[in-house]
Amino acid sequence: MKLPRLVIAAPSSGSGKTTVAAVLLAAWRARGRVVQPFKAGPDYIDPTHLGRAAGRTPRNLDGWFLDRPELLEVFRRGSAGAEGALVEGVMGLFDGRDALGREGSTAQAARWLDAPVVLVVDARAMAGSIAALVRGFRDHDPRLWLAGVVANRVGSARHAEILNEALEPVGVPLLGYLPRDPALALPERHLGLVPAGERSLEPEAWARAAGTFDVEVLWRLAQAAPALELPPHRLPEGRRPLRARIAVARDAAFSFYYPEALELLEQLGAELVPFSPLADEGPPEDAGAIWIGGGYPELYARELAANRGALEALRRFPGPVYAECGGLMYLSEALETPEGRYAMVGLVPGSARMQSRPTLGYRHVEALADGPVARRGWRAKGHAFHYSTRPAVEPAAWRRVDGTGREGYSDGRVHASYVHLYFPAAPETARRFVEAAAARAGV
């Protein structure tokens, strides 16, 4: 597989990776290039900005979720029809699930993709020290190709010249910079960015911001990536005939889904039908199953509680219901926010209550009972990130493989937890979900 590709990394979170990646994607798009965006790690929100800039659906690449053959296959499938690919990293270049960044890090993804790396450095309070920082990142792992630097939050053209002069002895060139401009800042919420659907710059604005980038040099750098050998993988091939309809909650309150997980369900024979718990009377009556993903139900608790038609429809729905994070909160008896207590669906005992500190991290889980996405004893991988808490209830859905606790609720028909499953990491979970939906439809 020969495809131009580039990885955008940084020393730490908050350096401006998403802004730089979006500017570069928009600039290439303005020049007529079709470039596929990817996000390293499990994040849902940063990719929305990349997708808006590129005009293509972004996808995730996570080396803890997937082994290398499967990650490369996700990369290949996501890049179909594209002239190149750009991968925005996660946190700092060497930050991952373990202290050495061996799993789930940007460095791991860059090695597996054999892609050149561009380091985004927040230079707002930096001059000659950029040389020491970049030299350290270049030498930390000689298996990586640190090909250049983009400086963010630069004070002036002269400041950029100083940074460039400092980097010359290191041999890692300055390939562009972004000025210190509040208009380029993306709003944040909950340790991350606000989704692009709520607020983001338009692609034209991103493209105009690229005036201080050497856009063509960056493209030639992407073209220098060598051909990739694609080893055999374990992901399903081909596409099964349509056999089930799954209603998927999609609106401002529920929007966190991995595109490659949705595509896997479709590949296995599901038609995914969107519905809005905020605006609709409920899911389609002929749906075989329901999936309510993550999002921000706490921001729309009043509206969700006021839509009694949807609440009643979900209470009456007789088929399999699968919910993740925000979906778990919605299926609870109530959602408690600083503004008040709001009645929710009530399929899961207990109430969800917002708190000031997040719970987050990877989850390796084992099913405690048969349900719509797993049989007892099946293992799966996912990620959790939530600002709400709930009392533990039985029967629980999962136990953590590392022995640190139990997750969620499952009564055999309803399966809800804070874990966002990554279906491609355990394709049998997606297959079971489609089969559960098909069984209700009598297929």
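The values are calculated or read from the model by the stated rules, or taken from the named source; none is laboratory data. All of these numbers come straight from a predicted model, not from anything done at the bench. Every residue, glycine as well, gets a Cβ built from its backbone with ideal geometry; the counts of neighbours run over all protein chains shown. Heavy atoms of the whole protein, side chains included, go into the accessibility calculation; ligands, DNA and RNA do not. Shrake-Rupley method; radii C 1.70, N 1.55, O 1.52, S 1.80 Å.
Quick rundown of the values:
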item	result
Summed side-chain charge close to S351 - residues other than S351 whose Cβ falls under 11 Å, Lys, Arg +1, Asp, Glu -1	+1
Read-out P(r) over Cα pairs in 20 Å bins from 0, in percent, derived from the coordinates shown; its label in (i) 25, 59, 15, 0; (ii) 28, 60, 12, 0; (iii) 26, 54, 20, 1	(iii)
Karplus (6.51, -1.76, 1.60) ³J(HN,Hα), θ = phi - 60°, over region 352-366, in Hz, Gly and Pro reported as x	9, 10, 6, 9, 8, 10, x, 10, 8, x, 5, 10, 10, 10, 10
Added length on full extension, which subtracts the Cα-Cα distance from 0.36 nm per residue, M1 to A127	41.4 nm
Rounded to 5, the percent of DSSP beta bridges in region 26-89 classed as antiparallel	0
Gap separating the Cα centres of region 1-76 and region 241-282, nearest whole Å	23
Region 307-340-region 374-401 distance, computed between alpha-carbon centres (Å)	17
Contour excess over end-to-end distance, with Cα ends at R376 and R102 and 0.36 nm allotted per residue	95.6 nm
Only Lys, Arg (+1) and Asp, Glu (-1) charged, at Cβ; the chain dipole about Cα centre in debye	360
With Cα atoms, 0 to 90° folded angle of helix 68-78 axis to the chain main axis	90
Under Karplus coefficients 6.51, -1.76 and 1.60, residue-wise ³J(HN,Hα) of region 151-158 in Hz, glycine/proline x	8, 10, 6, 7, x, 6, 4, 5
Neighbour net charge for G155 - beta-carbon separation under 13 angstrom, K R +1, D E -1	+1
Solvent-accessible heavy-atom area per residue, rounded to whole Å², over region 238-350 at 1.4 Å	37
Neighbour net charge for A367 - beta-carbon separation under 9 angstrom, K R +1, D E -1	+2
Added length on full extension, which subtracts the Cα-Cα distance from 0.36 nm per residue, D214 to L235	3.7 nm
Antiparallel DSSP beta bridges within the chain, as percent of all bridges there, nearest 5	40
Peptide ranges 6-16, 212-222 listed from the most packed, as the mean C-beta count within 10 angstrom indicates	6-16, 212-222
Of all accessible heavy-atom area on the chain, the percent that carbon and sulfur account for (1.4 Å)	49
Per-residue SASA entry for H159, accessible area with 1.4 Å probe, Å² rounded to 10	30
Exposure rank, largest accessible area first [D141, D98; 1.4 Å]	D98, D141
Candidate lysines for bridging to K381, where Cα separation is under 24 Å - those fewer than 8 sequence places away on the same chain excluded	K39
